[in-house]
Amino acid sequence: MEIRKIQKTGGSTLVVSLPKVWCQNFDLKVGSKVMLNYNEKGGIIMEPFDRAQSNITAIIDIKKDSEMENDLRMLISKYIQGVKKINIRSEDKKAMDDVIKRFLEFTIGFEITDEKGNEVVMEDLISLPMLTFDKAMRRMVTLVRSIVTESISDEKIPLEYVLQKEDEVDKFNIYIQRLFSQSLKDYSVLQLNKISSSEALAYLLISRILERMADHGVRIYRLLGEKKLNNTDIKNYIKAATEIMGRSMEYFFKKDVSSSNAEISKKDYFKSEREVINRSLRGTVDGIILAEVLEDAERIALYSTDICELVMDYYE
């Protein structure tokens, strides 16, 4: 750490000299540009402008016969890092097109802006703050609730539509990761979202919990298949798990620490009630499958109490 005095130049301009070694490391000279950002404590974060700009564009080479999942992970990692423009090149155009199609399905804001032969340019065409942490998470909550509700509906929608909702949950989860990454680099993202850095972290952690809840909802749907759930106890148990999820998110949005604290104690109910229902399933035809359904429903309920604990940790 260095302490430097503010000096006055030109009659009214205040200046602080930059460390010589730091300037040499980045080849900064008279006339070089630097980028300034602010943090929530009033500090200034400075980095060379050219270095900051280099993080805006990424070049990805997709090799022939490479694994699509590996290439997709690479693209999504750049998205989360906050890259604004991605140049993709490949000798195998079909493989490149397949990866791009999947990437666009999992992300928000990116579109193809140029395409020439075996090279494609994609750019972020929306400003990140346009879709805030709050709006993205509220959409996730709606989707997760819908997935779990559809799993026990007497008139089920086709599985493909449930999976589309799950993909959309994944998309918003990835978007919130990107937004959080941007907030670490640019304090104005937090200002526009009207939240602190610790609140941004809470959004990040809860978005991952919601993504896991969606997985459990889809698993319940798959386990039950097209069968109608006639076991009233299990149906009520799943409804109760969905309701506690909704309440926990309501407490999060309202920063309601007191109600969150009270809700956490209900995890004991879900554990004991599951044991009671499991005993009643022993020896029944669908006992094993229904026991697995109960386990997934319990996970949704316990994840909800985890959300309440986060409310207490970040807002008390």
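The values are calculated or read from the model by the stated rules, or taken from the named source; none is laboratory data. Here the structure is a predicted model, which means the values were calculated and not measured. Positions of Cβ are backbone-derived with ideal geometry, glycine not excepted, and every protein chain shown enters the neighbour counts.
Observations on the model:
- Take the conditions (1) in contact with a Leu (Cβ under 8 Å, 6 or more places away or on another chain); (2) within 20 Å of Ser181 (Cα to Cα); (3) among the polar types (S, T, N, Q); Ser151 misses just one of them, which is (2).
- Wholly enclosed helices (runs of 4 or more DSSP H) of segment 140-240 bearing at least 2 residues at pLDDT below 90 and not aromatic (Phe, Trp, Tyr): 159-185, 187-193
- Qualifying residue in segment 254-261 (condition: among the hydroxyl-bearing types (Ser, Thr, Tyr) and crowded, with 22+ Cβ neighbours inside 10 Å): yes
- Residues in segment 66-91 that are of a type in the set (A, V, I, L, M, F, W, C) and either buried (at least 18 other Cβ atoms within 10 Å of the Cβ) or closer than 20 Å to Tyr175 by Cα (or both): Leu72, Met74, Leu75, Ile76, Ile80, Val83, Ile86, Ile88.
- Verdict on Glu250 being more than 22 Å from the chain's Cα centre (by Cα) and assigned to a helix (DSSP H, G or I): no
- Failed condition for Leu224, given (1) closer than 22 Å to Gly82 by Cβ; (2) buried (at least 18 other Cβ atoms within 10 Å of the Cβ); (3) of a type in the set (A, V, I, L, M, F, W, C): (1)
- Checklist (1) over 27 Å from Asn173 (Cα atoms); (2) modelled with pLDDT of 95 or more applied to Asp256, failing item: (1)
Residues are listed down the side, and each one gets a yes or a no for (1) in a helix (DSSP H, G or I); (2) modelled with pLDDT of 95 or more; (3) among the aliphatic types (A, V, I, L, M); (4) closer than 18 Å to Ser151 by Cβ:
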{"residue": "Asp268", "(1), (2), (3), (4)": "yes, no, no, no"}
{"residue": "Gly283", "(1), (2), (3), (4)": "no, no, no, no"}
{"residue": "Ile288", "(1), (2), (3), (4)": "yes, no, yes, yes"}
{"residue": "Ala291", "(1), (2), (3), (4)": "yes, yes, yes, yes"}
{"residue": "Glu295", "(1), (2), (3), (4)": "yes, yes, no, yes"}
{"residue": "Ile300", "(1), (2), (3), (4)": "yes, yes, yes, yes"}
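- With respect to (1) in contact with a Phe, Trp or Tyr (Cβ under 8 Å, 6 or more places away or on another chain); (2) modelled with pLDDT under 95, the lone exception for Glu273 is condition (2).
- Which listed residue, of Tyr237, Tyr303, Tyr314, is surrounded by 13 or more Cβ atoms within 10 Å (Cβ to Cβ), more than 30 Å from Ala200 (Cα to Cα) and of a type in the set (Ser, Thr, Tyr): Tyr237
- Taking the listed residues Val162, Val144, Val169, the one that is under 13 Å from Gly217 (Cα atoms), outside the structural domain of Ala58 (by TED's automatic domain parsing), of a type in the set (A, V, I, L, M, F, W, C) and in contact with a Phe, Trp or Tyr (Cβ under 6 Å, 6 or more places away or on another chain) is Val162, with no other qualifying.
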